[in-house]
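Coordinate-derived values only; no laboratory data. This is a predicted model, so every value here is computed, not measured. Heads up, the Cβs are rebuilt from the backbone with ideal geometry, glycines too, and the neighbour counts pull from every protein chain shown.
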Amino acid sequence: MNLSKEQEKQIIIDFVKKTTIEETPGGAEKIANFNDILRAGTTVYVTFLPGSDFADTITTVKRLKQEGFNPVPHFSARSIPSAKFLEQNLQSLQGETGVNEGLLIGGGVATQVGDFSCSMEVLKTGLFEKYGIKKMGVAGHPEGSPDIPDVDCMTAIREKNAYAKDTDMKLYIATQFVFESEPCLKWEKRIRDEGNELPIHIGVPGLATVKTLLKLAKMCGVGSSMRMLTRQPSTMAKLMLKDTFIGKYINAPSSEPDVLVRQLAVASHLDKDCLIKQMHMYPLGGLKKSASWMYAVADGEFDLRGKGFKVNL
């Protein structure tokens with residue numbers, strides 16, 4: 001199907017309008033008022049990092065709620081000591097914030113700290129439903145996980161689909177961030193063919209430095225996308241220099257995710273069975289820049305160029 005530029009631009013706008021974003025409790029402490037950066041009603045995920053105090057997540061969720069946003073707390077299965085601990089924190093979370101959505105991941109720790117080794121074990125406690133959380137994001141790995149074999153990832157997706165069918169919990173898959181659309185689209189088609197029916201929210205990197213992106217990509221197990229960048233030394237050198245004072249003097253490719261976003265938006269639109277429904281932006285320390293870019297695209301303040309587009313900021 002041939003799309004006009006006007007049609008393609010509208011597809012991108014519609015895709016980006018639903019974007020969610022995230023912040024860490026530590027990052028939130030440096031922000032005087034989220035309304036200076038984000039638009040009211042934006043869905044903001046609040047991370048829970050290994051070794052941190054969940055009370056900090058609750059504090060940030062409460063603040064975001066008070067400032068007019070839709071906060072979504074993270075839960076990390078392998079960092080939860082016990083079902084009792086989880087229940088106490090859910091009780092506190094609901095008492096102070098009244099949230100109804102969360103994100104549950106296995107968690108990037110080598111050894112579990114308590115009773116739970118994976119997210120399914122936490123889901124099966126039924127505690128989220130008991131405390132009013134009826135919508136939950138669960139992890140997806142388009143390019144594999146450094147902690148979980150591919151066969152186990154697929155088994156987990158099947159189990160989560162079964163859980164969604166057997167309960168009132170509304171599940172969706174939220175993925176790690178990717179740099180390239182092709183492996184992501186192939187993964188979506190593969191898990192769909194193997195029975196996945198859960199909607200997918202694709203992780204997209206925000207406007208962080210290339211050094212930060214590559215560091216986190218390695219930690220997250222972003223495979224072929226990272227190899228796509230690193231196997232092009234001249235491109236990588238230009239991208240690294242783009243973030244320095246001489247960046248304006250070189251012909252560097254864009255460090256914005258415009259090509260990725262355009263390809264994902266158009267591909268998911270053309271394939272009516274595709275389960276990629278929206279994207280989640282990882283600002284990676286660059287919340288203000290990433291949010292400004294996101295809102296500009298949602299407002300149509302961009303021009304299609306080459307394989308991507310140029311945002312008019």
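So what J values fall out for region 77-83 if you push phi through Karplus, 6.51 cos²θ - 1.76 cosθ + 1.60 with θ = phi - 60°, rounded to Hz, Gly and Pro as x?
Values, residue by residue: 3, 6, 9, 8, x, 6, 5 Hz.
State the percent of C-alpha pairs, over all pairs in region 48-155, separated by a distance greater than 16 angstrom.
Numbers: 3360 of 5778 pairs.
Of the Cα pairs, 58 percent sit more than 16 Å apart.
State, in angstrom, two size descriptors of region 1-49 derived from its alpha carbons: Rg to one decimal place and Dmax to the nearest whole number.
15.9, 48
Provide, in order from the shortest bin, the percent of all Cα-Cα pairs of region 82-126 in each 10 Å bin, continuing until the bin that contains the maximum pair distance.
All Cα pairs considered, the percentages come to 23, 54, 22, 1.
Calculate the dipole size of region 1-122 relative to its Cα centre from +1 charges on Lys and Arg beta carbons and -1 charges on Asp and Glu beta carbons; express the result in debye to the nearest 20.
Working: 11 positive and 15 negative charges, 48 e Å.
So the dipole magnitude of region 1-122 works out to roughly 240 debye.
Ranking request for peptides 173-182, 280-289, 119-128, 190-199: highest mean number of other beta-carbon atoms within 10 Å first, then the rest in descending order. Provide the component values of the computation, followed by the final result.
Working: 173-182: 22.6, 280-289: 19.9, 119-128: 18.2, 190-199: 15.0.
Ranking the peptides 173-182, 280-289, 119-128, 190-199 by packing returns 173-182, 280-289, 119-128, 190-199.
Would you mind working out the magnitude of the charge dipole of region 274-313 relative to its Cα centre, with +1 at each Lys and Arg C-beta and -1 at each Asp and Glu C-beta, to the nearest 20 Debye?
Values: 6 positive and 3 negative charges, 34 e Å.
So the dipole magnitude of region 274-313 works out to roughly 160 debye.
Which entries of K30/K160; K17/K62; K9/K289; K135/K288 have Cα-Cα distances beyond 31 Å here?
Working: K30/K160 36 Å; K17/K62 24 Å; K9/K289 21 Å; K135/K288 27 Å.
Violating the 31 Å Cα-Cα cut-off are K30/K160.
So, counting K/R as plus one and D/E as minus one, what does the shell of residues with Cβ under 14 Å around K5 add up to? Intermediate results must be reported in sequence, preceding the final value.
Details: positive: K9, R262, R305, K307, K310; negative: E6, E8, D303.
Summing Lys and Arg as +1 and Asp and Glu as -1 gives +2.
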